[in-house]
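Written below as structure tokens is the structure these notes are about.
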Ligand SMILES: [Zn+2]
């Protein structure tokens, strides 16, 4: 089973799209609960970490450097 890695500021895709039709959420707060904000309608929801992980489909964009892409030195 894949371990999902996500962090503050990441754009994630959930298994079910938001009712507004957008399926991109930004992680805006991390703690025992995680607050995610819909990129489309800016609506934010607070979900327990376990629930978030079960609903998370994948991380679309990470604020961290892409994995395995470190050949960017000048
Ligand atoms: Zn929305």
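The values are calculated or read from the model by the stated rules, or taken from the named source; none is laboratory data. In this text the structure is predicted, and so the values were computed from the model without any measurement. Heads up, the Cβs are rebuilt from the backbone with ideal geometry, glycines too, and the neighbour counts pull from every protein chain shown.
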Checking the conditions here, which among 42, 58, 3, 65 is out of contact with any strand residue (DSSP E or B) (no Cβ under 6 Å at 6 or more places or on another chain) and either modelled with pLDDT of 95 or more or not in a loop (DSSP other than H, G, I, E, B) (or both)? 42
When every residue in region 14-32 that is exposed (fewer than 15 other Cβ atoms within 10 Å of the Cβ) and more than 9 Å from the ligand (Cβ to nearest atom) is compared, the one nearest to the chain's Cα centre (by Cα) is 28
Inside region 33-51, can you point out the residues that are more than 9 Å from the ligand (Cβ to nearest atom) and either at positive phi or over 10 Å from the mean Cα position of the chain (by Cα) (or both)? 33, 44, 45, 46, 47, 48, 49, 50, 51
Could you grab the pairs with beta carbons closer than 7 Å, sequence gap of 6+ or different chains, first residue in region 15-31 and over 17 Å from residue 54 (Cα atoms), second one at pLDDT 95 or above and within 7 Å of the ligand (Cβ to nearest atom)? 20/38; 20/40; 20/41; 21/40; 22/38; 22/40; 22/41
